[in-house]
Amino acid sequence: MSITAVTANAVPPATAQRVAPARAGAGAPAELTPQALVLIDKLKARDAEVRQHEQAHLAAAGGLAVSGASYTYQRGPNGIDYAVGGEVHIDTSPGRTPQETISRAHTIQAAALAPAEPSGPDRAVAAQAQQLEQQARAELAAAQTQQAPAPAQQADGATSNANASAEPRRQALQRAYDLAPLAAPTLNVFA
């Protein structure tokens, strides 16, 4: 678990291609059909959504982002490439200590769930980070249990002194129960 990608929903590979963005006007036809204009509007909206999604991941990832966002592009009918998918690689390795691992897991979860609409892979990364945090918490609890002194070893007999002071109270309570008269059980039925 060294590097995992946090990705946005991408367009199926058959319609998307990885290429460098084209310059405006490069090979654009002089006249576009109404269908082409509608497609361009959809591509522009998707491009803005994908870029915002990936920037949210980057902003929340902080120092755990391995690189900047990478995008998958689709060329529009006007010859311009629009981002239709993207990903940000985040270091999901555990920290050197359980506390550091817990902190890293929180950052990973925040980065994965940062966009307004996290994708399925985003949610999977968040779930992996949650498991990583739970493992670190278990390690931390085990280490604290091993370091804690046993009750009989605490404060040179402080536990035995506490038990000795509670004993007379317990005995008095027991005597009170023993002396109480037993009442016969009764059942009252009202009709």
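Points to keep in mind about this one:
- At a probe radius of 1.4 angstrom, the accessible area of the stretch 27-121 per residue rounds to 49 square angstrom.
- For the pair GLN144 and GLU117, a Förster radius of 25 Å applied to the C-beta separation gives a FRET efficiency near 0.05, rounded to the nearest 0.05.
- The stretch 69-150, relative contact order [Cα under 8 Å, separation at least 6], %: 22
- Given their separation in residues at 0.36 nm each and the Cα-Cα distance between them, GLN52 and ALA127 gain 24.8 nm when the chain is fully extended.
- Were the residues from LEU37 through ARG75 laid out at 0.36 nm apart, the gain over their Cα-Cα distance would be 12.4 nm.
The values are calculated or read from the model by the stated rules, or taken from the named source; none is laboratory data. As the structure is a prediction and not an experimental result, all values here were calculated from the model. Here Cβ is always computed from backbone atoms with ideal geometry, including for glycine, and neighbour counts include all displayed protein chains. Protein only, heavy atoms only, side chains kept; ligands, DNA and RNA dropped before computing areas. Shrake-Rupley method; radii C 1.70, N 1.55, O 1.52, S 1.80 Å.
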